[in-house]
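Quick notes on the structure that follows.
Derivation of every value follows stated rules applied to the coordinates shown; laboratory data play no part. Source: prediction; values computed, not measured. For neighbour counting, all protein chains shown are included, and Cβ atoms are generated from backbone atoms with ideal geometry for every residue, glycine included.
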Amino acid sequence: MQLASMRQDLGWGLVYITDFSHDEDNGLPDAFPEDTEGKQPAFVSSETATVILVQHGSDGDVQVRLWAGADEWGKHGSIELGVTRISIPSGQIRVSDVLREKFFQVCVPSGRYRVQINGDARNNAAEIDLVIVKEG
């Protein structure tokens, strides 16, 4: 089931997934790490947040869709960018740009979620599908 979506110019090329109550102190690094070849991962995560590299706003809008339920797993997006976990203790998940000016917020049962991150490209995706499944 699709919970929410947005199509926006995400100026800095980042999508944040956070628990609403942990908006400021999210435990993420200040910059994306790089491997020995200078490549960055598609996303980085902490206990209450994930940030995904996407297409920069100057290159066009980014479509982000949030899906819920095990029956949605693996059905959306052409490329799996990875799987992570996030805690949503407040029961409110927010998906936003880096400045938190463009966002949607959805109420979900509080708890820990497995998140599948899918995109239309491995680098600078213009479409992101997030599938969440509650653990436990």
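Quick notes on this one:
- Entry note, the chain: relative contact order of 32 percent, from Cα contacts under 8 Å with a spacing of 6+ residues.
- Candidates D97, D120, D71, ranked by Gaussian network fluctuation over the chain, Cα under 10 Å, top entry: D71
- Neighbourhood charge, 9 Å Cβ-Cβ cut-off, centred on Q116 and excluding it, Lys, Arg +1 and Asp, Glu -1: -2
- About the Cα centre, charge dipole magnitude for the stretch 6-136 (Lys/Arg +1, Asp/Glu -1 at Cβ), debye: 420
- Positive-end extreme of charge dipole, the chain - chosen from G82, I132, L28 (charges on Cβ): I132
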